[in-house]
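Report on the structure given below.
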Amino acid sequence: MNLPDPINSLTFVLFTLIALESASAADGSQPRVNPFELPPGIYSQENAPQEQPQDLVLQAIFYIKGKHIVTISGQNFIKGDFAFGKRVTSISNNQVILDAGGKEEILILEKTRFKIRKHTKK
């Protein structure tokens, strides 16, 4: 039976630990005491924090290069993205449908009037 040299094994473990410590120091996170604990901001499905109710506002719908892009409460999303914990399931010319765990929410684009000014060259 061919067993690895104990010094080589110990050296490998030592370098691996140093590399892991350097990687965690590089991203600014503190080492976890419990190795089975999830990093900060990551939750299991059972322990996910409750979404705070908020009024979502559909601000714009763009059609660029064959894709609809929507602006909801100041952030841009495409179909399939999660917007504030709700999946964007459908985008049309004036509305967006969000799915929040089987509950459908429809956001309608309010029509706003704005003036377009044309500058004439002199």
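The values are calculated or read from the model by the stated rules, or taken from the named source; none is laboratory data. In this text the structure is predicted, and so the values were computed from the model without any measurement. Glycine gets a Cβ as well: all are built from the backbone with ideal geometry, and neighbour counts include every protein chain shown.
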Scan the range 64-73 and give yes if some residue there is in a loop (DSSP other than H, G, I, E, B), at pLDDT 75 or above and farther than 17 Å from LEU109 by Cβ, otherwise no.
yes
Give all pairs with beta carbons closer than 9 Å in which a residue from the range 79-97 that is without any contact (Cβ under 8 Å) to a residue 12 or more places away in the chain and among the basic types (Lys, Arg) meets a residue that is assigned to a loop (DSSP other than H, G, I, E, B) and surrounded by 14 or more Cβ atoms within 10 Å (Cβ to Cβ); count only pairs at least 6 apart in sequence or on separate chains.
none
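Here are LYS103, LYS65, LYS86: which of them is more than 24 Å from TYR43 (Cα to Cα) and among the charged types (D, E, K, R)? Before the answer, list the steps.
Details: LYS103 fails: more than 24 Å from TYR43 (Cα to Cα); LYS86 fails: more than 24 Å from TYR43 (Cα to Cα).
Result: LYS65 is the single residue among LYS103, LYS65, LYS86 that is more than 24 Å from TYR43 (Cα to Cα) and among the charged types (D, E, K, R).
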Would you mention how many residues in the range 74-92 are among the charged types (D, E, K, R) and either within 17 Å of GLU110 (Cβ to Cβ) or part of a strand (DSSP E or B) (or both)?
2
Quickly run through the range 86-96 and pick out the residues that are more than 18 Å from ALA60 (Cβ to Cβ) and either out of contact with any Leu (no Cβ under 9 Å at 6 or more places or on another chain) or hydroxyl-bearing (Ser, Thr, Tyr) (or both).
THR89
Select from the range 52-82 the residues that are under 13 Å from VAL96 (Cβ atoms) and of a type in the set (D, E, K, R) and list them in ascending order.
LYS79, ASP81
How many residues does the range 7-53 contain that are at pLDDT 65 or above, under 27 Å from the mean Cα position of the chain (by Cα) and small (Gly, Ala, Ser)?
3
